[in-house]
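Please treat every number below as a calculation from the coordinates, not as lab data. From a predicted model like this one, the values you see are computed outputs, not experimental measurements. All Cβ positions, glycine included, derive from the backbone under ideal geometry; neighbour counts span all protein chains shown.
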Amino acid sequence: MTQPHDPHDGSQRPPDAGAVEHGDVLQLDQSASSADYDPGPEEERPGGGAGRFWSARRVPAALVAAVVLGASGLLLYDVAAVRAGHPAMQWRRSLADGLATRRLDDVWVLTGASVAAALGLWLLILALTPGLRDLLPMRRTHPDVRAALDRTAAAMVLRDRAVEVAGVQSVRVRMGRSRVKVRAVSHFRELDDVRTDLDTVLSTGIRELGLARQPSLSVHVRRPAKKG
């Protein structure tokens with residue numbers, strides 16, 4: 001006598017989408033998810049908000065200052081020489097003649113304008129963006145203290161926790177500012193069980209990093225590649 005199928009009976013659930021059928025055996029090939037982990041909003045702390053660190057950008061600033069200083073000094077020297085009765089330098093006469101005779105659609109004029117616009121855009125981006133993308137701001141517990149965690153160091157901490165999960169053979173952790181991507185290889189245990197343990201361990205690890213804005217978590221677990 002055939003019994004009716006119970007949709008809540010886990011023993012008769014349909015094969016997983018990542019399963020590969022070998023004869024009568026279903027072998028799970030991979031398991032992926034965005035972990036059941038809610039990073040939540042940025043917490044309010046007595047120390048105030050923890051914004052990103054701004055880069056001093058000393059090298060671009062030094063280069064721009066050197067170019068401006070050199071060009072200004074050369075131009076002022078030439079103007080002073082002309083005022084003293086000496087002829088203008090050849091480069092200034094050639095530049096003035098070229099600007100007076102070349103059309104606006106000339107290739108060199110368009111090239112020079114494009115280079116100047118690109119340099120100006122680059123300087124604007126440097127002035128308006130914080131930089132230091134490798135530093136993740138941490139929660140502030142005191143208004144006079146700011147701290148940050150290097151992304152590589154944070155990834156190593158999470159990787160060390162992930163390799164302690166039973167069944168994990170190897171793991172790669174990519175730590176972004178808004179998302180943590182974890183790719184693990186498991187050589188035994190059910191992949192769904194391994195992924196669930198990784199979700200739990202890594203979610204706890206992210207919270208314990210003490211970041212001001214906790215990133216989301218994505219976990220992907222697969223079997224080792226078959227040789228031959």
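Tell me, Kirkwood radius of segment 143-197 from alpha-carbon pair distances, in Å?
12.5
What residues from segment 102-141 fall in the zone where the backbone N is under 18 Å from a label point 7 Å along the Cα-to-C-beta line of V68?
Inside the label zone: 116-129.
At R0 = 41 Å, how high is the FRET efficiency between D193 and R133 if r is their beta carbon distance? Nearest 0.05 is fine.
Rounded to the nearest 0.05, the efficiency is 0.70.
Give the Kirkwood hydrodynamic radius (Å, one decimal) of segment 58-128, defined as one over the mean of 1/r across all pairs of different Cα atoms.
Result for segment 58-128, one decimal place: 14.6 Å.
Kindly provide the Kirkwood hydrodynamic radius of segment 103-189 in Å, to one decimal, from all pairs of distinct alpha carbon atoms.
Value: 17.4 Å, from the Cα pair sum.
How much length is gained on full extension from L121 to R146, taking 0.36 nm per residue of separation minus their Cα-Cα distance?
Full-extension gain reported as 5.9 nm.
Explain nothing, just the number: relative contact order of segment 101-187, from Cα pairs under 8 Å at least 6 residues apart, as a whole percent.
Averaging sequence separation for qualifying contacts and normalising by length gives 16 percent for segment 101-187.
Taking θ as phi - 60°, what are the ³J(HN,Hα) couplings along segment 160-175 by the Karplus curve (6.51, -1.76, 1.60), each to the nearest whole Hz, with x for Gly and Pro?
Per residue, the Karplus-derived 3J(HN,Hα) values read 4, 6, 5, 5, 7, 6, 4, x, 7, 8, 8, 8, 10, 10, 10, 9 Hz.
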